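A quick write-up on the structure given underneath.
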Amino acid sequence: ALWFAADRWMASQFLRMQPDIEAQISKPLGHPVSVGSYRGLGLQGFSVGPVQVRPGPLDQSTAEIQRITIGIDVVASLQRFKPVLSVRIRGTQLDLTRNDQGSYWVPGPFPEQGNPPRLDLLVRFTDPARIRVVPAGVSLTAAGWSGIRLDEHRADGSLSFVLPERGRITVKGRGRWVRPEFELTTRLERLQLARYQGLLPSTLPLQMQGQLGGNLR
């Protein structure tokens, strides 16, 4: 009975807050966002979806997430003496289309800085995200995680991109966005450069050939 009551309460709260959530996400993304419907309360938290990001006024790129699950990481919360939310993302598809100015995604205005909540986020892809770059004809997948400490203005994370012909890019980073300071470590493996010629604007006098690999910090 308690579980059913909690589930119904979460559903009613989500319906009440849904328009405001969509508006708050749409502004910095620069694209209209629909969050979808409440998908129920489970052992890992409550789920919503699908989340759709439609074409914006300045570019035609889109994104879709089948399900987002949000819960409380009890162990991490006890260790850090503050709430830690676990955010699990499943079924991500990102389609990037370059506009006439050469940009794939034009974001909106960044929200004004206020006092962020004393809250940490642990964001994970539960399955690889699929990314398609149009019209370059490049498809890849991405997997990884990110930890965000809102009250400390800090974040860290790791992403691994699997590219065509066994290419791979691994990026690990950490930093802060107030008095910006970032540290990135990137490993490149077997990047066949000619395949990515279509990523560059046609007006750029650059011809890519050969294979690229190495470490960058």
Checklist entry - Can you list the GluC sites (Glu not before Pro) in segment 134-217 that are in a DSSP coil and have 10 or fewer other beta carbons within 10 angstrom? => result none
Item to check | Solvent-accessible area per residue for the chain (1.4 angstrom probe, square angstrom) | outcome: 64
Next on the checklist: Using a Förster radius of 41 Å, what is the FRET efficiency between Arg190 and Leu29 based on their Cβ-Cβ separation? Nearest 0.05, please.
Outcome noted: 0.80
Item to check | Of all accessible heavy-atom area on segment 144-200, the percent that carbon and sulfur account for (1.4 Å) | outcome: 55
Checklist outcome for this item: Per the helix-only model, the chain has a calculated mean residue ellipticity at 222 nm (DSSP H runs of ≥4, -39500 (n - 2.57) each, divided over all residues, rounded to the nearest 500) of -5500 deg cm²/dmol
Item to check | Most mobile of Arg179, Arg195, Arg88 in a GNM of the chain (Cα contacts under 10 Å) | outcome: Arg179
Checklist outcome for this item: Relative to the chain, whose Cα atoms define the longest principal axis, helix 2-29 and its Cα axis are tilted in degrees, nearest 10, by 40
Checklist entry - Roughly how many nanometres apart are two label points built 7 Å out from the Cα toward the Cβ at Arg16 and Ala1? => result 2.3
Checklist outcome for this item: With label points set 7 Å from each Cα along the Cα-to-Cβ direction at Ser37 and Ser139, the distance between them in nm comes to 2.9
Checklist outcome for this item: Binned at 10 Å from zero, the C-alpha pair distances of the chain give percents of 7, 24, 37, 22, 8, 2, 0
Checklist entry - What is the magnitude of the charge dipole of segment 61-217 about its Cα centre, with +1 placed on the Cβ of each Lys and Arg, -1 on the Cβ of each Asp and Glu, and no other charges, expressed in debye to the nearest 20? => result 400
Checklist entry - What whole number of Å gives the distance from the Cα centroid of segment 119-188 to the Cα centroid of segment 25-54? => result 20
Checklist outcome for this item: With the 8 Å Cα cutoff and a minimum separation of six or more residues, segment 40-115 has a relative contact order in percent of 28
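The values are calculated or read from the model by the stated rules, or taken from the named source; none is laboratory data. Quantities reported herein were computed from a predicted structural model and do not represent experimental measurements. With ideal geometry, Cβ positions are generated from the backbone for all residues, glycine too; neighbour counts draw on all protein chains shown. All accessible areas refer to the heavy atoms of the entire protein, side chains included, with ligands and DNA or RNA removed. Shrake-Rupley method; radii C 1.70, N 1.55, O 1.52, S 1.80 Å.
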